[in-house]
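The values are calculated or read from the model by the stated rules, or taken from the named source; none is laboratory data. In this text the structure is predicted, and so the values were computed from the model without any measurement. Cβ atoms come from the backbone with ideal geometry, glycine included; neighbour counts cover every protein chain shown. Heavy atoms of the whole protein, side chains included, go into the accessibility calculation; ligands, DNA and RNA do not. Shrake-Rupley method; radii C 1.70, N 1.55, O 1.52, S 1.80 Å.
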Amino acid sequence: MIEFILNDRKIRTDKPSGLPLLDFIRYEQSLTGTKIGCREGDCGACNVLVGHLQDGQMKYLPITSCLTPIGNVQGKQVVTVEGLNMEDLSPVQQYMVDEAGTQCGFCTVGFIVSLTGYCLSHSTPDYKAAIAAIDGNICRCTGYKSIERAARHITNALAGKDTRETVDWLVERKFIPPYFKEIPNMLQTIGAENGGQKNGVLVGGGTDLYVQKHDQLLDREVDLVANHPNWRFITIKNGVCTLGGATTVTDVQESDALQTLFPRLTQHLKLVASSPIRNISTLAGNFVNASPIGDLTAFFLALNAKIELTEDDKSRTIFLKDFYKGYKDLDKTKGENITAISFIIPPANSHFNLEKVSKRIHLDIASVNTAAQIIVESGVIADAHISAGGVGPTPIYLKDTCAFLMGKPLTPELIRAAIDVLQSEISPISDVRGSENYKRLLLRQLFYAHFIKLFPNQISLEVLA
Amino acid sequence: MKNIDSKGHVTGKSIYLDDIPTIQGTLYGVVFGSPVAHGHIDAVDYSKALAMPGVIRIITHKDIPGENQIGGIIPDEPLFATNEVHFQGQPIALIIAESDHLASEARKCIELKISEKEIIVDPRVAQQKGELIQPPRTFALGDTEKAWAKCVHVFQGKADTNGQEHLYIETQGAYAVPMENGNIRISSSTQGPTAVQRTTAWVLGVGMHKIEVDVVRLGGGFGGKEDQATPWAVMAALGAQLLNKPIKVVLNRMDDMRMTGKRHPYSSDYKIGLSEDLKIIAYEATFFQNAGAAADLSPAVMERTLFHATNAYFVPNVQVTAYSCKTNLPPNTAFRGFGGPQGMFVIESALAHAAHELNVPTYVLQKKNLLKNGDEFPYGQIAADVGLQHIWSDMESKFDIQAVEKRIRAFNANHSDQKKGFSLMPVTFGISFTKTPMNQARALVHIYSDGSVGVSTGAVEMGQGVNTKMLQIAAQMFSLDPERVKLESTNTTRVANTSPSAASATSDLNGKALQKACNALLERLKQSAADHFGVSPGDIELKNEQVYSQGKATSMSWNQLVDMAFLQRICLTENGHYATPIINFDKTKEKGHPFAYHVHGLALTEVSIDCIRGVYEFDAVKIVHDFGKTMNPSVDIGQIEGGLVQGIGWMTMEELNYDNQGRLRSNSLSAYKIPDIYSVPKEVLIEALETDGNDMAILKSKAVGEPPLMYGIGAYFAIENAIRAFNPSFISTFDAPFTHEKVLLALYNHYGILENSKTGIRSSLSGNADVRIAQ
């Protein structure tokens, strides 16, 4: 039995935990405001908010309901547009009307939900955050300019928002209906236990499994780990950072500790998927998916991270770079799961960078991605860990290139000379994300970009060209 | 007035096809399409699929009581394949089951034996093999043969544009419900209700009167639901006829992308000749249109390419020829611009080519050759109401082209890893269906006895705001509170024999019909009031729901007038009919006056390229547009912004990718990217040309649906301009879209990849398995 709150109503259902939330909302509950656009998390037409209690406050995150097994909302509140409607339009709705932010209207509800999620966040209103909130919403009609104008008005209307008692503040100004204030009490009456079943397929965020196999999961029970504290944590101890396998990208992004370690973390992760996907997609999922272009894989490869593989009560730890044996071929038994990821905290003089280029800059799968962790001491490269994705059958740790760089003075000549080594350890193929030649050229450029960005005084495009 | 649907949209209460409450017993259809692009069907075994739980029936060509034919212009496309398949995804059968999921599961169990045949994906190859949809057509003016001798500069080359996926967010779908006496009611997400009705009747072997098609609204169309919404509706209706059950067919995204046609890819050759003072003396072009496996709307799309081959320029000697080439891709179809953009890209490429060779800014050539009133188009119409010079000078005075150029030059001189570029893109687009008989429409208006009004037209609402404009017309003519007017769904039983909502002409045609209906009703009501007050009808006015006689308010309200008229047994219903006057076109001579009027405009596009990574962003697009007298600025500006971004998408990131087996590789939203909020121009400024408007346009408010898409073409040439600032040896290839890949390769052509000649032919990429269409 799965229990959660749908808008203001308690739901108890015996539907299988693998049923996508979207189907439950539309076809079981006849709440047809939530639309089906792509069923792969790429359009945002099915976005809903999921709220849970955190430190005594409701925290709301937009997610794509098409990729979310219903078991994952056990013990939470799900908000659809029907749960946002009041007698009069909310300011979010009203500004979208005023600025003609809606034409055919099919994507509109997704925007309303995402923008309301932005209002519900506990941070200070900021236009850029408003736009970031709709980075996973695709509109084919408006060209977005009218939606940008609406987002600006909404941000202005949030001036002075109480970032602690946010729900009360928003209720008072009719951004959301009053029942939102009752939700914390209602949630207390629902168990937060796991909504899945142990014998099912293991599902984290579902952002890959539900794209590939939703038709095989919709009538099944699934084993869910996304809400399990043993699977979802970030700790730093004795100079080592450890993250649970089901830690989401948003968890990483919002971690103060990681923000301190990687000052450009937000910019880096902005290139990874979209907000609603980052809210549910997990690190381990990105690793085991074994896509040659996993963005987080590239990120953690450059940290020379290790992963903990667990089956029942047996665990072993290996380097992430050794995890990949060939295309979709992993050093992992069928029963093993990635339970944790760990990396040694880079020293203070270490520099980190992530680069990614795709057909569309945001919300797209990389043509090529690469991350680099580099330490330069007295003008000499003391340590280098560089990864690359999209240039071979697996994500690659560029060991030859790293070895070539080590111990040599950082000069434009060295960087140029490293390209031959780099090209010799990759094997890109031509596919829908680009030709082989392009990927080779692009990786060279992104390799240059690491040094141009991290060492602007020594390296520039002009001296490399 | 804001879009009347917007309140429903922001609350999620607007109803789309899949939101219609289903009737108990509804069954679901999933289409089984061909896995190969060309072949002979040797055998199909449905037995395992039929044995799956919940599967009710599998419908094939054998079950069709009428004609197995859905071709609109040319009858060359079966609803279900019989012995041969001609494209991947071509429907072979419809699986009907108790749920969508069960039908999809059953589909996996169908066993098909096919003998594969030779696959053609390249239109030039098709043309060489004589695989044409119809004979080629040529538009000509003057004599190009003689003119070349007079040209001081002559340039020739090749220019290609890839196709474009419509990517309406609502996929194709229909819901057919059997009614009594063998009648069927179809709800369809279609731009062409009459096409659905006519084709369904044909396939089901019944009269059109047995088929009712109702459309509330579309979650986007863009041309993709003009003709290609039909097969799914016909299939649903066929299922309903055979099983006497309601049948719903809604395509999932991958089926939709795989099975439906798109904007036509084109490969074209051009030759342009200029005088000493840079006037275009002669222009020739040959267009190879990749039509796909059946005609669909390709002949009409091809025709519009010819109409717009010279875009906004006057050329005294023109010869342009187009081939509609039959390939093994899904039949390509209408898409905003309808062949016009493909034609315009070629002459813009020719001008850019000439400008580079002559080392002058392209805009100098563009400006020198702008069309003027009295100039003759290659198809014989004389340009009137042009205003391009006025538009250009507005652009200069409001946005200062030379200052932009100077600023960009200064930026480029000071930045080594980032370069800016700009372009100008004039647009002249003809308004009317080029097939003259289609330029007719009807509107049915009821004034109810309480004074409220119901309006039905042939227009389909798909986000373009046509219903809002219709409501404005009715409310304004009756001087009523808009709340008292309702726009009804588009329904073939209320308004029959309609043209599809397309060609930017929907508001003009239906709006003028509506005006006629309202006028006839007003005449009768005014007569009634005049009789009552003992004055002449000319003395009666209606203002704010009050009757005025000889300029003074009377005690009679609108409601009272309506009530009185009703009691006097005056007809309070009217059907207005409009057929665009003047227009004509003689295909035997390829001359005539096909357009009611033209829409003109000019866009200035500014781009920044990151020369390290080969990615770019658009800093600004500044537009001067000829709205006429816009009747709804909010709706019209939305059309410009949306059309522009769609055009930019076509020119930049939207890369349709079929392999040489005719398999769509860009078959999902993760592989086919359309603009997101971060990829649109940072600034879009729109200035309205000051004009008196055109009487052929509804309330002098010119059509606005398609023309703005072509402003997006400027994106391609702005990127080119910026690349040249980084890599002066760059040689243009004129093969849109300008993806990040092409930009990076162009920036670093020393990498040995762009060994192209002046003809712009791009060498094949070694090891590249992709066959990019139209290259």
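With respect to A:Ala371, determine if the residue is away from every other protein chain (no Cβ under 14 Å), touching a helix residue (DSSP H, G or I) at 6+ places or on another chain (Cβ under 9 Å) and not in a helix (DSSP H, G or I). Yes. Among the residues of the range B:363-384, is there at least one that is over 23 Å from B:His598 (Cβ atoms), not assigned by TED's automatic domain parsing to the domain that holds B:Gly224, not hydrophobic (A, V, I, L, M, F, W, C) and not in a loop (DSSP other than H, G, I, E, B)? No, the range B:363-384 contains no residue that is over 23 Å from B:His598 (Cβ atoms), not assigned by TED's automatic domain parsing to the domain that holds B:Gly224, not hydrophobic (A, V, I, L, M, F, W, C) and not in a loop (DSSP other than H, G, I, E, B).
One line per residue, one yes/no per condition, for (1) crowded, with 23+ Cβ neighbours inside 10 Å; (2) of a type in the set (A, V, I, L, M, F, W, C); (3) outside the structural domain of B:Gly223 (by TED's automatic domain parsing); (4) at pLDDT 95 or above:
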{"position": "B:Gly693", "(1), (2), (3), (4)": "no, no, yes, no"}
{"position": "B:Lys700", "(1), (2), (3), (4)": "no, no, yes, yes"}
{"position": "B:Gly714", "(1), (2), (3), (4)": "yes, no, yes, yes"}
{"position": "B:Phe730", "(1), (2), (3), (4)": "no, yes, yes, no"}
{"position": "B:Thr733", "(1), (2), (3), (4)": "yes, no, yes, no"}
{"position": "B:Glu741", "(1), (2), (3), (4)": "yes, no, yes, yes"}
{"position": "B:Tyr748", "(1), (2), (3), (4)": "no, no, yes, no"}
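Any idea which residue in the range A:216-236 is nearest to the other protein chains (Cβ to nearest Cβ), counting only those that are open to solvent by 40 Å² or more (accessible area, probe 1.4 Å) and farther than 30 Å from A:Ala257 by Cα? The extreme case among them is A:Asp219.
All of B:Thr60, B:Thr22 fail the test of being touching a Phe, Trp or Tyr at 6+ places or on another chain (Cβ under 8 Å), in the same structural domain as B:Thr230 (by TED's automatic domain parsing) and more than 24 Å from B:Arg258 (Cα to Cα), apart from B:Thr22. Within the range B:96-119, being touching a Phe, Trp or Tyr at 6+ places or on another chain (Cβ under 8 Å), within 14 Å of chain A (Cβ to nearest Cβ) and either among the acidic types (Asp, Glu) or open to solvent by less than 30 Å² (accessible area, probe 1.4 Å) (or both) holds for B:Ala97, B:Glu98, B:Asp100, B:Ala103. Between B:Val10, B:Val30, the distinction of being open to solvent by less than 40 Å² (accessible area, probe 1.4 Å), within 14 Å of chain A (Cβ to nearest Cβ) and assigned to a helix (DSSP H, G or I) belongs to B:Val10 only. Take B:Ile609 and tell me if it is crowded, with 24+ Cβ neighbours inside 10 Å, touching a His at 6+ places or on another chain (Cβ under 7 Å) and of a type outside the set (S, T, N, Q). No: the conditions fail for B:Ile609.
Is there a residue in the range A:146-155 that is in a helix (DSSP H, G or I), within 12 Å of chain B (Cβ to nearest Cβ), touching a strand residue (DSSP E or B) at 6+ places or on another chain (Cβ under 6 Å) and not aliphatic (A, V, I, L, M)? No, the conditions are met nowhere in the range A:146-155.
Would you check if A:Asn289 is within 14 Å of another protein chain (Cβ to nearest Cβ), more than 30 Å from B:Val645 (Cβ to Cβ) and open to solvent by 20 Å² or more (accessible area, probe 1.4 Å)? Answer is yes for this residue.
Per-residue answers, yes or no, for (1) among the β-branched types (Val, Ile, Thr); (2) at pLDDT below 95; (3) assigned to a helix (DSSP H, G or I); (4) open to solvent by 10 Å² or more (accessible area, probe 1.4 Å):
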| position | (1), (2), (3), (4) |
| --- | --- |
| B:Thr310 | yes, no, no, no |
| B:Ala322 | no, no, no, no |
| B:Pro331 | no, no, no, no |
| B:Ala334 | no, no, no, no |
| B:Gly337 | no, no, no, no |
| B:Gln342 | no, no, yes, no |
| B:Glu348 | no, no, yes, no |
| B:Leu351 | no, no, yes, no |
| B:Val360 | yes, no, no, yes |
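In the range B:615-635, the qualifying residues are those that are facing another protein chain (nearest Cβ under 10 Å), touching a strand residue (DSSP E or B) at 6+ places or on another chain (Cβ under 9 Å) and surrounded by fewer than 24 Cβ atoms within 10 Å (Cβ to Cβ), and the one that is nearest to A:Ser460 (Cα to Cα) is B:Val615. Only residues that are within 14 Å of chain B (Cβ to nearest Cβ) and assigned to a strand (DSSP E or B) were counted across the range A:335-360, and they come to 6. Taking the criterion of being of a type in the set (A, V, I, L, M, F, W, C), under 20 Å from B:Ala103 (Cα atoms) and assigned to a helix (DSSP H, G or I), the residues of the range B:199-256 that qualify are B:Trp232, B:Ala233, B:Val234, B:Met235, B:Ala236, B:Ala237, B:Leu238, B:Ala240, B:Leu242, B:Leu243, B:Met254. Taking the conditions (1) within 7 Å of chain A (Cβ to nearest Cβ); (2) open to solvent by 10 Å² or more (accessible area, probe 1.4 Å); (3) not hydrophobic (A, V, I, L, M, F, W, C) in turn, B:Glu641 satisfies each one other than (2). For A:Ala45, the criteria (1) more than 19 Å from A:Arg232 (Cβ to Cβ); (2) part of a helix (DSSP H, G or I) hold in every case but one, which is (2). Scan the range B:461-487 for residues that are touching a helix residue (DSSP H, G or I) at 6+ places or on another chain (Cβ under 7 Å), within 12 Å of chain A (Cβ to nearest Cβ) and in a loop (DSSP other than H, G, I, E, B) and the total you get is 3.
What are the residues in the range A:137-155 that are in contact (Cβ under 8 Å) with a residue 24 or more places away in the chain and either of a type outside the set (A, V, I, L, M, F, W, C) or outside the structural domain of A:Asp98 (by TED's automatic domain parsing) (or both), if any? If the condition is that a residue be in contact (Cβ under 8 Å) with a residue 24 or more places away in the chain and either of a type outside the set (A, V, I, L, M, F, W, C) or outside the structural domain of A:Asp98 (by TED's automatic domain parsing) (or both), then A:Asn137, A:Arg140, A:Thr142, A:Ser146, A:Arg149, A:Arg152, A:His153, A:Thr155 are the ones that fit. Looking for something in a strand (DSSP E or B), within 30 Å of B:Val320 (Cα to Cα), in contact with a strand residue (DSSP E or B) (Cβ under 6 Å, 6 or more places away or on another chain) and more than 14 Å from chain A (Cβ to nearest Cβ) - is there at least one such residue anywhere in the range B:183-192? No. Mind counting the residues in the range B:530-552 that are closer than 19 Å to B:Ala475 by Cα and surrounded by 12 or more Cβ atoms within 10 Å (Cβ to Cβ)? Residues flagged as closer than 19 Å to B:Ala475 by Cα and surrounded by 12 or more Cβ atoms within 10 Å (Cβ to Cβ) within the range B:530-552 amount to 7. Restricting attention to the range A:170-203 and to residues that are in a helix (DSSP H, G or I), crowded, with 18+ Cβ neighbours inside 10 Å and out of contact with any helix residue (DSSP H, G or I) (no Cβ under 7 Å at 6 or more places or on another chain), the residue that is modelled with the lowest pLDDT turns out to be A:Leu187. Report yes if some residue within the range A:442-452 is out of contact with any Ser or Thr (no Cβ under 9 Å at 6 or more places or on another chain) and more than 14 Å from every other protein chain (Cβ to nearest Cβ); otherwise report no. So far as the range A:442-452 goes, no, none of its residues is out of contact with any Ser or Thr (no Cβ under 9 Å at 6 or more places or on another chain) and more than 14 Å from every other protein chain (Cβ to nearest Cβ). Mind checking whether some residue in the range A:96-112 is open to solvent by 10 Å² or more (accessible area, probe 1.4 Å), among the acidic types (Asp, Glu), facing chain B (nearest Cβ under 8 Å) and closer than 30 Å to A:Ile11 by Cβ? No, the range A:96-112 contains no residue that is open to solvent by 10 Å² or more (accessible area, probe 1.4 Å), among the acidic types (Asp, Glu), facing chain B (nearest Cβ under 8 Å) and closer than 30 Å to A:Ile11 by Cβ. Please go through the range B:437-447 and give me each residue that is farther than 19 Å from B:Asp695 by Cβ and open to solvent by 40 Å² or more (accessible area, probe 1.4 Å), ordered by number. Across the range B:437-447, the qualifying residues are B:Pro437, B:Met438, B:His446.
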